[in-house]
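Everything on this sheet refers to the single structure shown next.
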Amino acid sequence: MAADNEISAIYYIQHHLQNLTFGYHPQNGWSLASSSTEAVEMGFWAIHLDTMGWSIAMGVLFLWLFRKAGKMATTGVPGGLQNGVEMVIEFIENLTRSTFHGKNPHIAPLALTLFIWILLMNTLKIIPVDYFPELFGKLGFEYMKIVPTTDVNATLGMAFGVFLLIIYYSCKVKGVGGFAKELSLTPFNHWSLIPFNLILEIVGLIVKPISLGLRLFGNMFAGEVIFILIALLPFWAIWLLDVPWAIFHILVVTLQAFIFTTLSIVYLSAAHEHH
Amino acid sequence: MNINMTLIGQTIAFAIFVWFCIKYVWPPISAALHERQKKIADGLDAASRASRDLELAQEQAAQTLRETKEQASQILEQANKRSSQMVEEARDQARAEGERLVASARAEIQQEINRAKEELRAQVSTLAVTGAERVLEASIDEKAHRKLLDKLAAEL
């Protein structure tokens with residue numbers, strides 16, 4: 001019985017941590033993965049439908065809400081929605097003004113998108129871990145992991161987007177030559193140390209998106225695992241631990257969204273600066 | 001924990017969301033915010049200007065009031081002076097008129113007296129002559145004397 005329990009617990013955890021994967025399987029062709037090994041066998045040419053679906057849903061929710069507020073925006077006395085939206089916008093504007101030292105009108109909306117989008121995706125975590133897997137199980141989907149930021153693909157994907165912007169703005173502001181010069185001649189300005197500089201700078205450059213993505217993923221994933229473990233406890237003990245952990249996660253959710261946003265601005269600000 | 005296409009998909013979604021936000025979400029809200037900021041600043045400006053205007057107007061009103069009061073007191077003083085002057089003038093005039101009247105009355109009286117004197121003088125002389133005549137006549141004729149007396153009586 002004890003071994004049974006253990007096996008079912010392991011199965012439960014693995015089940016909750018498996019994404020709904022659609023891809024090309026060597027044996028089954030284009031299909032939904034019915035187990036985690038099948039998902040692994042699909043390799044790179046597969047897509048997590050739940051991650052994509054929920055993240056796009058949250059992004060669309062954000063854009064719809066803010067677009068609605070923008071359409072109704074008056075210069076007079078603002079309503080409730082407009083008030084909230086304006087508060088967020090002012091917060092982002094101040095954050096951008098204090099962190100970003102170049103002149104680029106696109107940085108603030110970029111930061112707004114990142115912040116609210118990640119915040120909404122993280123917030124999905126507050127929904128009890130069994131609701132959506134059960135619901136989608138009834139609908140015939142084997143797996144459903146609703147928090148996109150607990151999928152390393154999602155966080156690294158966004159970080160990769162930020163990375164591309166870093167490269168783009170570095171080349172745009174300093175020119176391709178200037179950017180190459182910065183990579184090869186800092187921190188040691190001598191021709192014989194160019195290879196050393198290159199290695200140092202390129203590692204530094206690549207570490208930026210990876211740390212950005214993994215930080216968010218690590219925090220969210222760890223939190224999710226704890227939620228799943230709490231869900232394994234006896235019925236009467238669940239709420240005792242689940243409620244404090246959820247309340248604590250309100251902080252983590254906001255903080256991680258804020259950190260991702262702020263670091264993105266900092267990296268982009270560095271990309272705009274001449275050394 | 002597999003790295004797969006989701007990574008690319010997420011990057012594309014990210015790019016699209018950011019683009020949409022830059023293009024359609026940020027500008028109207030930001031514009032409204034800044035416009036309201038400007039409006040509030042303008043309002044505050046107008047309020048301070050209005051209060052300055054009010055102060056100025058109050059000062060002006062006080063100034064006008066002060067001037068008016070001064071003018072009024074000036075006018076009053078002038079009027080007082082004028083009235084006393086008029087009274088003085090009237091008194092002088094009345095006195096002069098009275099004196100003139102008295103003088104003319106006196107002159108008339110004097111004239112009258114002189115005329116009466118002249119008349120009397122003339123009459124007395126005639127009377128004396130006439131009396132002397134009569135006395136002279138009576139001593140001659142009693143009858144004529146009688147007649148003379150009657151005539152004298154009638155003449156008196």
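Within the range B:20-44, the set of residues being open to solvent by less than 50 Å² (accessible area, probe 1.4 Å) and at the interface with chain A (Cβ under 7 Å from one of its Cβ atoms) comprises B:Cys21, B:Ile22, B:Val25, B:Trp26, B:Pro28, B:Ile29, B:Ser30, B:Ala32, B:Leu33, B:Arg36. Here A:Pro133 meets the list (1) in a helix (DSSP H, G or I); (2) touching a His at 6+ places or on another chain (Cβ under 8 Å); (3) closer than 16 Å to B:Val18 by Cβ almost entirely, failing just condition (3). Each residue in the range A:189-207 was checked for being more than 19 Å from A:Ala271 (Cα to Cα) and surrounded by 12 or more Cβ atoms within 10 Å (Cβ to Cβ), and 3 of them qualify. The condition (being buried (at least 18 other Cβ atoms within 10 Å of the Cβ) and of a type outside the set (Asp, Glu)) is satisfied by just one residue among A:Phe115, A:Phe91: A:Phe115.
Check the range A:168-184 and report whether any residue there is within 30 Å of A:Ile126 (Cα to Cα) and at pLDDT 90 or above.
Residues of the range A:168-184 that are within 30 Å of A:Ile126 (Cα to Cα), as a first pass: none.
No, that holds for no residue.
Only residues that are within 10 Å of another protein chain (Cβ to nearest Cβ), assigned to a strand (DSSP E or B) and open to solvent by less than 70 Å² (accessible area, probe 1.4 Å) were counted in the range A:13-51, giving 5. Can you tell me which residue within the range A:68-81, out of those that are assigned to a helix (DSSP H, G or I) and open to solvent by 70 Å² or more (accessible area, probe 1.4 Å), is nearest to the other protein chains (Cβ to nearest Cβ)? Result: A:Lys71. Scanning the range A:206-218 turns up no residue that is touching a residue at least 60 places away in the same chain (Cβ under 8 Å) and either among the acidic types (Asp, Glu) or not in a helix (DSSP H, G or I) (or both).
Given the criteria in a helix (DSSP H, G or I) and more than 14 Å from chain B (Cβ to nearest Cβ), does A:Thr155 qualify? Steps first, please.
Values: in a helix (DSSP H, G or I): yes; more than 14 Å from chain B (Cβ to nearest Cβ): no.
When the stated conditions are applied, A:Thr155 does not pass them.
With respect to the conditions (1) open to solvent by less than 40 Å² (accessible area, probe 1.4 Å); (2) in contact (Cβ under 8 Å) with a residue 12 or more places away in the chain, A:Gly175 lacks only one, and its number is (2). Here A:Gly140 meets each of (1) surrounded by fewer than 13 Cβ atoms within 10 Å (Cβ to Cβ); (2) farther than 25 Å from A:Ala57 by Cα with one exception, condition (2). Remark: pairs (first residue in the range A:226-255, open to solvent by 70 Å² or more (accessible area, probe 1.4 Å); second residue at pLDDT 90 or above and among the small types (Gly, Ala, Ser); Cβ separation under 9 Å; 6+ apart in sequence or on different chains) = A:Phe248/A:Gly223. Take the residues in the range A:82-101 that are more than 17 Å from B:Pro27 (Cα to Cα) and assigned to a helix (DSSP H, G or I), then tell me which one is nearest to the other protein chains (Cβ to nearest Cβ). Only one residue tops the list, namely A:Leu95. Going by the structure shown, is A:Thr123 open to solvent by 30 Å² or more (accessible area, probe 1.4 Å), part of a helix (DSSP H, G or I) and either over 24 Å from A:Tyr168 (Cβ atoms) or within 14 Å of chain B (Cβ to nearest Cβ) (or both)? Considered against the rule, which asks whether it is open to solvent by 30 Å² or more (accessible area, probe 1.4 Å), part of a helix (DSSP H, G or I) and either over 24 Å from A:Tyr168 (Cβ atoms) or within 14 Å of chain B (Cβ to nearest Cβ) (or both), A:Thr123 comes out as yes.
The values are calculated or read from the model by the stated rules, or taken from the named source; none is laboratory data. Quick caveat, the model's predicted, so the values are computed rather than measured. So basically every Cβ, Gly included, is an ideal-geometry build from the backbone, and we count neighbours across all protein chains shown. Quick note on the areas: whole protein, heavy atoms, side chains included, nothing else; ligands and nucleic acids left out. Shrake-Rupley method; radii C 1.70, N 1.55, O 1.52, S 1.80 Å.
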